[in-house]
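Structure first, commentary second.
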Amino acid sequence: MGRSLLDLRFLQVICALRKSRLYERRLSDIYGKCYKQKITIDSELHTVMKLRTLLHEGLHLAYPNWSEKRVVATEKEIWRRITARQVEKLARIYRRIKGAA
Ligand SMILES: [Zn+2]
């Protein structure tokens with residue numbers, strides 16, 4: 001996947017995340033999940049994994065008809081080449097959409 005397509009995917013994720021709500025709670029066997037616009041992320045994860053999980057769930061929101069396999073592959077590819085600025089963007093949106101516990 002080329003840089004510009006990765007950047008486009010990333011922006012689509014950010015747009016989808018802006019309309020969602022995020023909750024942290026203890027999840028036993030998964031990092032995160034999403035249902036409609038509601039994302040839940042395991043509260044015990046380290047910050048970096050929380051951001052990566054947010055990216056993963058954001059891909060589900062942005063591309064609801066994609067298979068899990070495609071979401072995982074795209075998540076990996078974006079994460080492998082993510083810029084510091086994009087990580088900062090994810091961190092900002094994480095804080096913004098996080099609901100009260
Ligand atoms: Zn998934």
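Give, as residue ranges, the strands (runs of 3 or more DSSP E) completely inside the stretch 1-67 that count at least 1 residues that are free of Cβ contacts under 8 Å to residues at least 12 places away in the same chain.
Correct list: 32-35.
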Practice task
Go through the residues of the stretch 9-21 one by one and say whether even a single one is in contact with a Lys or Arg (Cβ under 7 Å, 6 or more places away or on another chain) and more than 16 Å from I97 (Cβ to Cβ).
Solution key: no
Completion exercise
Across (1) within 12 Å of the ligand (Cβ to nearest atom); (2) touching a Lys or Arg at 6+ places or on another chain (Cβ under 7 Å), S43 clears everything bar (1)
Practice task
Only one of these is surrounded by 13 or more Cβ atoms within 10 Å (Cβ to Cβ), within 17 Å of I39 (Cβ to Cβ) and within 16 Å of the ligand (Cβ to nearest atom): L54, L90. Name it.
Solution key: L54
Exercise for the section: Take the stretch 68-101 and flag every residue that is more than 14 Å from R21 (Cα to Cα) and assigned to a loop (DSSP other than H, G, I, E, B). Expected result: R81, I82, T83
Completion exercise
Of those in the stretch 57-87 that are among the β-branched types (V, I, T) and more than 16 Å from the ligand (Cβ to nearest atom), the residue farthest from the chain's Cα centre (by Cα) is T83
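Throughout, read-outs are computed from the coordinates displayed, never taken from laboratory work. Note that the structure is a prediction, hence the values are computed from the model and not measured. Note that each Cβ is placed from the backbone with ideal geometry, even for glycine, and that neighbours are counted across all protein chains shown.
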